[in-house]
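Asker: Below is the structure I would like to discuss, written out as structure tokens.
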Amino acid sequence: MTDPIDSQYDTTPLPAAEGGDDQSEPGPDHGKDLSGLVPNDKVAWGEPPSFNDDPQKIPSDSGTESPAPGDPSGDLRIDLSAMRTTERALLTESRAAVATYEEVRAKVMAKKDTVFGQGAKSQGYYSNRLNHDGYIFVNGKDNPFAPAGEQFAADMNPAMERALLQAGMALEKLGEYIALINHSGQVYAHTDRECRFPDPPATH
């Protein structure tokens, strides 16, 4: 790192850190590559499955047994039209959110190795040799800020990847919620189809 320069334009400079920046403790993810954890998200449904389809069994997340059935709930009312409207609205919002997430993810992955000045060169020049694109640009020596960029990136890249991981997981949870809405509609419709009037009482 270079020594700070007093500027005539900055009347309230920040105080220098004790021991200098080079003395700071690296973060727990310093230097780690977490890109393998960052999910590629997409919306699987164009149109949600029909409520008339038989519901699929949802696997349990735990090994515990299902609770014993309780007392009958009494009358059950549901507005399938409102449920479908909500489901479609959530799908529309999730498509927009996933598109934005994927745009940010692509930018981070494409630029993370250079965006902080890692590997920067200075004092380059154009050679008098030509290739098919014209003159060849020859890089000079390493930029003096490149090592600081490498050090900063060692902490910042994992932090950005963790942020993407959290955003991607949140979108996946939204997808699970939409799927559960659809499943609830299918369960109700299936129950409705299987309903039967009870047998008439026996005559004496």
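Asker: Between Arg77 and Tyr177, what FRET efficiency follows from the Cβ-Cβ distance if R0 is 25 Å, with the result rounded to 0.05?
Answerer: Here the calculated transfer efficiency is 0.70.
Asker: Points 7 angstrom from Cα along the Cβ direction at Lys57 and Val187: gap in nanometres?
Answerer: 1.5 nm
Asker: Something else now. Here are some pairs, Lys111/Lys173; Lys32/Lys112; Lys32/Lys111; Lys112/Lys173; Lys107/Lys141; which of them have Cα atoms lying more than 21 Å apart in this structure?
Answerer: Over 21 Å apart, Cα to Cα: Lys111/Lys173; Lys112/Lys173; Lys107/Lys141.
Asker: Let me ask you something else. Give, in nm to one decimal, the length gained when the segment between Val115 and Leu37 is fully stretched (0.36 nm per residue of separation minus the Cα-Cα distance).
Answerer: The Val115-Leu37 span can extend by a further 26.0 nm.
Asker: Work out how much length Thr203 to Ala99 would gain on full extension: take 0.36 nm times their residue separation and subtract the Cα-Cα distance, in nm to one decimal.
Answerer: Fully extending the segment from Thr203 to Ala99 adds 30.8 nm.
Readers should treat all values here as calculations from the given coordinates under stated rules, not as data from a laboratory. In this text the structure is predicted, and so the values were computed from the model without any measurement. Because the Cβ atoms are built from the backbone with ideal geometry, glycine has one as well, and the counts that use them run over all protein chains shown.
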